[in-house]
Structure formats: C-alpha cells, structure tokens
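Visitor: Quick one: this structure, given as structure tokens, is what I'll be asking you about.
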Amino acid sequence: MYRYDEFDREFVTSRVAQFRDQVERRVSGELSEDNFKPIRLQNGVYLQLHAYMLRVAIPYGTLNSRQMRMLAHIARTYDRDYGHFTTRQNIQFNWPKLTDIPDILEDLASVEMHAIQTSGNCIRNVTADHFAGASSDEIADPRPYAEILRQWSSNHPEFAFLPRKFKIAVIGAPHDRAAMQFHDIGLEMRRNAAGNLGVAVYIGGGLGRTPMVGKLVNDFVAEEDLLSYVEAILRVYNMNGRRDNKYKARIKILVHETGLDELKQSIDAEFERIRDGVLKLPDADVRSIEAYFAAPKFELLSDRSSLLEAAKADDKSFTRWVDRNVSAHKQSGYGIVTVALKSTGEAPGDASASQMDVLARLGEQYSFDELRISHEQNVILPHVRLDDLKAVYDDLVANGMAAPNAGLITDIIACPGLDYCALATARSIPVAQEIGERFADLDRQNEIGDLKLKISGCINACGHHHVGHIGILGVDRRGEELYQVTLGGSGDEHAAIGEIVGRGFSKDEISGAVETIVDTYLAKRLADDESFLDAYRRIGAAPFKEALYGPVAA
Amino acid sequence: MSYLYKDGAFQSDKWLTIDGDQPVPEGEDVIVSLTLFEEHQHALLTRNSGRLGVHLEAAEQLDAIVPHLDKFDVVSLDFPTFADGRAFSKARWLRDQHGYAGEVRAVGDVRIDQVSHMKRCGIDALLVTHQQTIDSLTDIKDPGLQLYYQPSAIDGETKAGGRAWARRA
Ligand code: SF4
C-alpha cells in the first residue's frame, strides 16, 4: 500500500500545525465560528448535535494494522471507546473535544493518516472498490489512480471553495462494488483497443434530495490525461455550478440543467486547452505510485484447501460464514474475507476499540498487514489463505464479529440518524436494529438470499437508501417519525434509483412492512436463485403495493 | 476601510473605483464595473489619459472582457463571501489561458486563510478590509502551506516530492 515519503510527511505535519494555530485562534475568540467553520470543515471537524465530530479519511478504504490500532487508540483516548465507519470509507469519532483535535491529528499523522477534506465544499476523500488488488474480476487495481487523485486534490488552491462537496470514486473491475455511478465523478478503469489503460468517466451521479445516476461523459480518457480531464470537469463546475441554492449546487444539477452535451463541450474545450500542459502524467510517475500497490508475496497454493474442506464438513456455522463472507480472490488458494460489523443489535458500522485491535491483529497475522473498509460499512481482510479461514473465523467468533450475513438482509447500511446527526429527521439505527432482530434467523436470511437494505435518517441519504433493493428513508411528519420505503434501487453496474412504494410507515410498523415485502418476494419468485432485485425487476411494484396497502381499486 | 496589499507590503491604492453612475474623471486610473464598461466601451477605451481596470462580480463571466484584456491594467475579482470560490478559477484562466500579465486583485471578503490559495491561482493584489487579515499580513503570518500537490499559476515554485505534480514554494 501507499507509504508517505518525506514530502507527504512534511505536508501533513505542517497542515496539523496550521490547524493547531487555527484552533487556538478559535478558542481565543480571534476567529468567530462563522469564519472558523469552513476551515474546520476542510479538516474534517463537524459540529454535531452533542459535540464536535471528527471524520478521518481512510483513502480508498485501505489501511494497515498499525493504522487500525491508532484508530483504536483514538477511540479509547479521546472518544467513548468506539468509532463509526461510514459509507464513504471514513471513520467518524463522535465525541472529541475541539482542543484535543490537533493532538488527534498529530497521532494520525504519525501513522500517515489525516482528516483533510473529509467535509466542506471541496473534493472529498477519494473512494475505491474495497476488493481492489484482490478480486478475481479486476482489470487493474484502481488505488494508484485514487492515490494520484487524492494527492492532486489535497489543498487544491482553485477547488477548495466549490459550490458544494465533490465526491470521486474509482473502480477497476466491471462489477461495481463502490457505487461509482452515484458520485460526482465516477471513474471505471478500462483498456482501449491498443491495450492501454485509461478510464471511462461518469459525471453527475449522486444521492441526496435529487438522486441521479451518473452519465457517461467520456468512454475513454487515457491514463496520462487523468488529471487534466478531472481538472477540466472541476473548473467548469466551479465556474458554472449554482451557488444560489445549496440544494441545487451539486454537479448533478448542472448536468441536468445544462444538458450533458453542452456541458461535455465545455469540459472537452477546457480539456483540449490544458491536456498538453503541466498535468500530463509521466508514465514513470504513475508506475512508481503503482509500485506501492504491488501484490503481496503470495504463496503458490492449490485452489482447493483440504483444511478448509475438512473444517466445513463438520461445522455448519462455519460453512455458512464461508459461503456468505468469503469472496473469490484472484490468487488461487486465497480468499477475501468480509467481517460484517452488523451483528444483531449493533449499530451498523460501529466498532469498539477492542474490536479494532482484534481486526488489526488479524490483518497482521493473516492478511499481509492489510485491511479494507467497505462503503457497506464492513471491514475486509483482503488476502487470507483458504487454509487459514477456520482460524480467522474462530477468532472472529470469540470476539463477536463473525456475523455470517454479508450481502444478506441484515447486512444493513444505516446512517447515524437522529441519535447523532444534527440534520436528521428520524432515527435510523434503532430501525436497523429492529429489522436485524426480526430477521435474525440465519436459515431464513439465507433462504431470502442477496438483499441490500439501506436506511437514511433524512433526505441527505448518507445511508444510500435510494440504491437499496429495499430503501428506507426517515422523514418527519408533524413531529412524528415516518418511514418511506423505496424498492428496486441498485448501486452496482446496473445502477438504478429505487421507487417510492407508497405512503410511509410509523416506527412501529416499519419492520413489519419490510417483512411483508420479503414475504411477497418469497411467494412470487420463480426459483430460489431469483434474487429479490431480479424478481422486482420482473414483476414490478404492483404486487408489493397490494401486499402493503391492500388491493387497488380498479 | 480597505487597504491594498501587493508585493509583500501594504501600499496606497492609486486606483479609483467607480461605483454606479459616477463620472469617470480624465487622467485618473479607474476600475469600472462590467456594466459600465459594456455601456461605455468605446469612450473608456479611447480615453486620453489614465489607466483602466475592470471589476467582475462573482456571477459575471470573463467572456465580455477577454477581447480587451490588453487594455486593462487591473482585473478586479469579487469574493462576495468566504465560501464563494468562483474567482479562483477566473484568476487561473486569466493567467493560464489568456496569458494576462496585469494585476489581478481580490476584492471583497478577503481573509488570511485563503491568501495562499489566491496567490497560487495568480492573484497578486488584495484589497483587504478584515482587520485580523491585515494584522497577519503585516506580521507575515501567512498560514498557507509551503508544499503543494499540484502545479500553480505562478512562477517561483520548484518541483518537489519526486513526482510531476508536486511543488514547493
Ligand atoms: S442521511 Fe441525514 S440523518 Fe443520516 S447521517 Fe446523513 S445527514 Fe445525518
């Protein structure tokens, strides 16, 4: 993975010193909250319901054990012993004191981490496929590009005060695990006919109040033009994006109002002007970033592990966990392990300091010192020998992290909601917990199969409810929490936005409504392997509406 | 009251900003609004003496002034609020795309925490009102960083960090 050199280290430490000075000026009253706000936001510091919140970037979701231990240390020392992994490969600490934050940032810098640009109207933490460098379907590892973009966007003088926040995701496989088409810019690595690497570029995707699927603006931008092309998009957006209404300020609205063709013309004109300039990427520089992400020294193993087969034969729970939580690795004899932070009754994405320590140890022992955070709020051990799966599993069981539910209905994405978030209109964590409990029976979950359920506590959609196969949005109606259900959303390569099924449900009704939806699916599916999403696409919303609200008058 | 900061020091501002429908005095160096410029283009471009500058509000585009850039000694760009970053891109365009060599000044809510960004986008003069910013600039307490991950619009930065896009002040 990427390691800081002298330059990076000096950059991050001087940034910490800069922020320390700014915090002192805030505390002394020299800086008003108004003037401090944009500064603290660009350093990941939010003012929440109860306290300041610090959001730390985990660039493209990759971290090593030392970094994970530092996150545990921060949770223990400055917070209430836990952290919350978000849907954007960040971790949030909900209770730090403002005056402690410079120290936290210094601790982070000591392990090559930071909180730069995890909030504010700037280019945010660049995300990537959490299976990068490991999955069997990959064309190329997207992380070198993500790292180059991370560097280029850090403290960019021109794009620090954009109309609105700006999110970039990069994937390197045809199967989209990073909801790439729901980002302001989505990049999909491709090879052209000549075999050269580059990216297809999507713009204007996003969730929130006005969900939109990203539109293909260029089907192949050569690697050397990566930064020029992205800079051209940002410049056009910075000058033309709306600033009169914060709900219309994202690039998706610019795309929508200007029209893709016209906007593409402006982007292409700017790109042509700058493409042969200073941002052209020299091959050697890309290769040297790429070298940081070279595959670990895998052993040459058979793709069948007799140890694994034997362990599966006499442990049904283990088998179940392997079937759900282990994915195909490109290296034979290895698997990708998903540790679901979704045990029944827990807040999705929350991890305690001691759980983080366990994960760090497992990464070190079994996964070449590497861990990943997925946008589905799980932790990944990317490179585990099949022979070691049982040992990893036993360890996870002992530490309460062996939920065998990756991709199942209880592997819920939920935002912090009203329990923590100042913007929330409804609670989301308790709803997730209730649904988790209702579907706790593993046989039943497995019978239901792949089903992505996502919950947001307000229209900002941090819980990605629009792309849930079943999406739940908490709204406030005259002081009462109400939950609106959408069906058929999808964040993968067949991107779709869920459709609202009808009137919302009260907090007491919502988990029952989900059950009705699931029962309807089970009754209507053609075969066990017709997934919820496939069935929904075949039969449409009508049967679900009828089950929920009764027959529609003709 | 606002003060002009340029070339590392505060100095007196020789430029007269013409608000609204004031007369444009002969012989004075004046900065006019884009509207005034468009309405009286001919008269302004053929004045006998006195230099000419133009001021763009945040929502105003460069297009109208681009054909006449060589006539302007100052392009003044409005930063109406701390959060409005449009003028960063405009400054960048003036320098990079149009090779504009005159003064590009930042006017409005100019604050110390953005000064480094402004400079790197090609802004070389600041009209400052904010007292703490005046103090910091006087003490040369620019909180900007000295290391950058992207090339900028100004001379004097050297390559650094062993990759094409990184720079040091
Ligand atoms: S969706 Fe709304 S409630 Fe949930 S975290 Fe985002 S802003 Fe807060």
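The values are calculated or read from the model by the stated rules, or taken from the named source; none is laboratory data. Computed from a predicted model, the values in this text were never measured in an experiment. Please note: Cβ atoms are built from the backbone with ideal geometry, for glycine as well, and neighbour counts cover all protein chains shown. Ligands, DNA and RNA are stripped out before the accessible areas are found, and what is left, the full protein with its side chains, is counted by its heavy atoms. Shrake-Rupley method; radii C 1.70, N 1.55, O 1.52, S 1.80 Å.
Visitor: Having 3 or more residues that are among the hydrophobic types (A, V, I, L, M, F, W, C) and within 16 Å of the ligand (Cβ to nearest atom) is the bar; report the strands (runs of 3 or more DSSP E) wholly within the stretch A:407-490 that clear it.
Guide: A:470-477
Visitor: Turning to a different aspect of this structure: Which of the residues spanning the stretch A:301-345 are at pLDDT below 95 and buried (at least 21 other Cβ atoms within 10 Å of the Cβ)?
Guide: Scanning the stretch A:301-345 gives A:A340, A:L341, A:K342.
Visitor: Does A:A353 count as away from the ligand (no atom under 16 Å from the Cβ), modelled with pLDDT under 95 and open to solvent by less than 50 Å² (accessible area, probe 1.4 Å)?
Guide: Here the answer is no, as A:A353 does not meet what is asked.
Visitor: Now a separate question. Among the candidates A:G29, A:G61, which residue alone is open to solvent by 30 Å² or more (accessible area, probe 1.4 Å) and at positive phi?
Guide: The conditions single out A:G29.
Visitor: Here's something else I'd like to know. Any residue that is touching a Lys or Arg at 6+ places or on another chain (Cβ under 7 Å) and at the interface with chain A (Cβ under 7 Å from one of its Cβ atoms) - is there at least one of those in the stretch B:92-106?
Guide: yes
Visitor: Quick one: which residue in A:P102, A:P59 is within 14 Å of chain B (Cβ to nearest Cβ) and over 21 Å from A:F7 (Cβ atoms)?
Guide: A:P102
Visitor: Now for a different question. Going residue by residue through the stretch A:14-23, is there one that turns out to be more than 9 Å from chain B (Cβ to nearest Cβ), within 18 Å of A:D103 (Cβ to Cβ), in contact with a Ser or Thr (Cβ under 6 Å, 6 or more places away or on another chain) and open to solvent by 20 Å² or more (accessible area, probe 1.4 Å)?
Guide: For the stretch A:14-23, residues more than 9 Å from chain B (Cβ to nearest Cβ), within 18 Å of A:D103 (Cβ to Cβ), in contact with a Ser or Thr (Cβ under 6 Å, 6 or more places away or on another chain) and open to solvent by 20 Å² or more (accessible area, probe 1.4 Å): absent.
Visitor: Does B:T81 satisfy the condition of being at pLDDT below 95 and within 16 Å of A:L162 (Cα to Cα)?
Guide: So B:T81 passes the test.
Visitor: From A:E24, A:E30, which residue is free of Cβ contacts under 8 Å to residues at least 40 places away in the same chain, in contact with a helix residue (DSSP H, G or I) (Cβ under 8 Å, 6 or more places away or on another chain) and either among the charged types (D, E, K, R) or over 26 Å from A:L162 (Cα atoms) (or both)?
Guide: Details: A:E24 fails: in contact with a helix residue (DSSP H, G or I) (Cβ under 8 Å, 6 or more places away or on another chain).
Matching residue, one of A:E24, A:E30: A:E30.
Visitor: Inspect all residues belonging to the stretch B:135-145 and state whether any of them is β-branched (V, I, T) and surrounded by fewer than 22 Cβ atoms within 10 Å (Cβ to Cβ).
Guide: Within the stretch B:135-145, one or more residues are β-branched (V, I, T) and surrounded by fewer than 22 Cβ atoms within 10 Å (Cβ to Cβ).
Visitor: So which strands (runs of 3 or more DSSP E) stay within the stretch A:168-259 end to end and still have 2 or more residues that are open to solvent by 30 Å² or more (accessible area, probe 1.4 Å)?
Guide: Details: elements: A:168-171, A:185-191, A:197-203, A:215-222.
Ranges flagged: A:185-191, A:215-222.
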